[in-house]
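The structure appears below as structure tokens.
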Amino acid sequence: MTEPYEFVEPLSDEKSERLINLVLLLRSSARGFTKAEIFNRLLSYRADINSDNAAMMFERDKAELIRAGIAIDVYQADAYTEDEFRYRINDDEALLPEIELTQNEISILSTVLQGWKKTIHRSDAIQAQLKLEGLGHSLTDEIPVLELTGNQHLSPLLQAISVRKHVSFEYIKPNTKKPDERKLQPWGVLLRAGQWFVYGFDVVRGADRVFNLNRIASDVKISGTANSFELPTDLNLNNLFQPHLSQEKTTLTLRIAEDNGNRWRQSATAVLTNDASIGDIIQVDVDNLNLEIPLLAAAAPGVVVLEPLEVRDKVRKMVMGEIA
């Protein structure tokens with residue numbers, strides 16, 4: 001019989017603070033604390049120290065911590081001389097296990113963080129790198145990264161979206177060389193397949209349009225007054241962008257040495273040879289080469305591109321430092 005879902009009441013700020021303080025206190029002493037000592041040290045309980053309310057609150061808090069996976073050790077320090085139970089939390093119960101990353105995962109994270117450092121998310125990328133290095137993972141800034149264009153337009157677009165102002169820019173459509181001027185009510189931006197897009201209402205053409213930021217050929221200019229348009233109430237960027245995104249895949253043939261390239265092994269569509277002495281040869285379909293090429297370069301020489309030749313050449317140039 002399926003058990004019904006248990007309703008969990010959202011924690012208030014006051015309760016969250018009390019639970020955190022309780023955990024910190026119970027971790028602070030290997031001997032633990034009696035209820036009276038806990039109530040005397042924590043202000044949240046101290047207000048009700050002469051009533052049953054503090055005891056009831058403490059029992060509820062214990063149950064909350066147990067549900068969160070934090071076990072409270074209840075014991076008597078000396079059963080012959082003490083009647084009261086003591087409470088404590090061992091670090092093994094309160095702390096999460098260490099995060100373990102493979103060398104392949106570290107290489108991928110290094111590549112991704114380098115890419116994000118060149119966008120408006122630079123501060124977040126630096127914070128993520130510092131956290132990973134604090135866990136003992138040595139990240140490198142020397143992994144080659146393919147430069148993605150269009151990021152310079154994000155800041156003015158996001159600013160215009162936040163205050164509901166119009167933007168204008170020169171835009172080069174596919175298969176054309178001369179840019180056209182566009183005036184847009186920007187509704188939102190989205191990252192898909194390694195490229196940034198902006199979606200909104202084209203004022204001149206009187207219709208919804210999506211624009212690839214890589215094709216914007218001028219600065220994005222903000223104009224008009226704030227709140228000059230409203231966002232559609234049924235706006236769903238994921239659905240709106242889908243028809244405009246290329247679904248074309250590229251089939252790569254790779255030679256992967258032993259204990260390398262798990263990322264590609266797991267998504268292989270075919271295994272052509274299986275020979276540990278020279279490396280396994282597999283085929284894999286990838287969605288976007290702009291994202292894949294830096295990862296392949298970072299994984300070399302454990303992973304080698306055999307085909308297509310143009311992809312092999314781009315990876316080789318990146319490894320040799322010919323692509324910045």
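The values are calculated or read from the model by the stated rules, or taken from the named source; none is laboratory data. Just so it is clear, the structure is predicted and the values come from calculations on it, not from any experiment. Cβ atoms come from the backbone with ideal geometry, glycine included; neighbour counts cover every protein chain shown. When the accessible area is computed, the model is the full protein with side chains, heavy atoms only, and any ligands, DNA or RNA have been set aside. Shrake-Rupley method; radii C 1.70, N 1.55, O 1.52, S 1.80 Å.
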At what distance in nm do the modelled label points of L191 and R46 sit from each other, each positioned 7 Å from its Cα along Cα→Cβ? 4.7 nm
List every residue whose amide H lies under 5 Å from the amide H of V203, counting only residues 5 or more places away in sequence or on a different chain, with H placed 1.01 Å from N in the peptide plane. K183, L184, Q185
log₁₀ I(q)/I(0) of the stretch 160-200 at q = 0.22, 0.27 Å⁻¹, via Debye over equal Cα point scatterers, no solvent, to two decimals? -0.83, -1.00
Starting from the eigenvalues of the Cα gyration tensor, five times each then square-rooted, give me the equivalent ellipsoid semi-axes of the stretch 275-324, largest first, whole Å. 19, 13, 9
Return the lysines within reach of K249: Cα separation strictly under 28 angstrom, same-chain partners fewer than 8 residues apart disregarded; answer none if there are no such residues. K117, K118, K173, K177, K314, K317
Which value, in Å² and to the nearest 10, is the accessible area of E258 when all protein chains are kept and the probe is 1.4 Å? 120 Å²
By how many nm would the segment from R205 to D91 lengthen if fully extended, with 0.36 nm per residue of separation less the alpha-carbon distance? 34.7 nm
For K165, counting only lysines whose alpha-carbon sits under 17 Å away and dropping same-chain residues fewer than eight positions off, the answer is K183, K221
In order through the stretch 37-45: 3J(HN,Hα) via Karplus (6.51 cos²θ - 1.76 cosθ + 1.60), integer Hz, x for Gly, Pro: 5, 5, 5, 6, 8, 9, 4, 4, 8
More than 11 Å apart - percent of Cα-Cα pairs taken over the stretch 253-292: 61 percent
